[in-house]
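Data first, discussion second: the structure below is written as structure tokens.
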Amino acid sequence: MALLLGVANSVLALTLAEAEAVVGVVEKLAQETGEGMVLDAADIYYDYDSLGASLIPAAGFDRESWAVAYEAVGRGYMATIPEDQFNATFDEPLARLAASGLPEDQMAMMREHVDGLIAEARQARQEGMAYADVVRPLEDRLYVLFYGEFEE
């Protein structure tokens with residue numbers, strides 16, 4: 001049991017140096033691809049990077065360690081967003097859905113789907129609480145990666 005806990009803790013660990021490396025790589029790749037950072041995109045970045053610059057291995061990551069660090073940084077950033085601001089991100093999509101004029105049955109189906117996406121975002125934010133203090137010094141850079149526009 002102790003061995004399993006040790007493995008779990010090592011997977012959960014994220015250092016500031018690792019977070020800085022992830023952010024630095026994503027900043028470079030975002031400029032190349034025109035795409036910012038989103039959760040669950042670690043493999044996409046890894047595959048793209050493997051076609052060219054190989055920045056990720058140069059930063060000390062293999063596919064698995066990159067995925068773990070990338071997701072920890074993304075979730076950690078979500079956890080740094082103030083609660084009211086985080087909740088407000090759902091206001092516009094929900095308002096557009098409500099104003100869509102869809103038939104009642106389609107509206108219910110879409111609302112169920114959107115509620116599922118919101119629940120996933122809340123879960124990711126909750127998981128990110130473990131990494132929030134580590135990524136907090138990188139908030140400004142992460143804001144740009146999540147919300148900025150990039151030129152190809």
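The values are calculated or read from the model by the stated rules, or taken from the named source; none is laboratory data. For clarity, every value in this text was computed on a predicted model and none was experimentally measured. Quick reminder, even Gly has a Cβ in these numbers, built from the backbone with ideal geometry, and neighbours come from all protein chains shown. SASA here: full protein model, heavy atoms, side chains in, ligands and nucleic acids out. Shrake-Rupley method; radii C 1.70, N 1.55, O 1.52, S 1.80 Å.
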Q: Confirm whether Arg125 is out of contact with any Gly (no Cβ under 9 Å at 6 or more places or on another chain), in contact (Cβ under 8 Å) with a residue 12 or more places away in the chain, of a type in the set (Lys, Arg) and under 20 Å from Gly36 (Cβ atoms).
A: yes
Q: Take Ala17 and decide whether it is touching a helix residue (DSSP H, G or I) at 6+ places or on another chain (Cβ under 6 Å) and closer than 17 Å to Glu139 by Cα.
A: no
Q. If Tyr147 passes every condition in (1) without any contact (Cβ under 8 Å) to a residue 60 or more places away in the chain; (2) open to solvent by 90 Å² or more (accessible area, probe 1.4 Å) but one, which one does it miss?
A. (1)
Q: Quickly run through the stretch 124-143 and pick out the residues that are surrounded by fewer than 16 Cβ atoms within 10 Å (Cβ to Cβ) and aliphatic (A, V, I, L, M).
A: Met129, Ala130
Q. Can you tell me which residues in the stretch 26-45 are open to solvent by less than 40 Å² (accessible area, probe 1.4 Å) and assigned to a helix (DSSP H, G or I)?
A. Val26, Leu29, Ala30, Thr33, Ala42, Tyr45
Q: State whether the residues of the stretch 71-91 include one that is touching a residue at least 12 places away in the same chain (Cβ under 8 Å), touching a Lys or Arg at 6+ places or on another chain (Cβ under 9 Å), farther than 27 Å from Val25 by Cβ and open to solvent by 20 Å² or more (accessible area, probe 1.4 Å).
A: no
Q | Residue list for the stretch 99-123, filter: open to solvent by less than 60 Å² (accessible area, probe 1.4 Å) and within 27 Å of Val25 (Cβ to Cβ) | A | Ala121
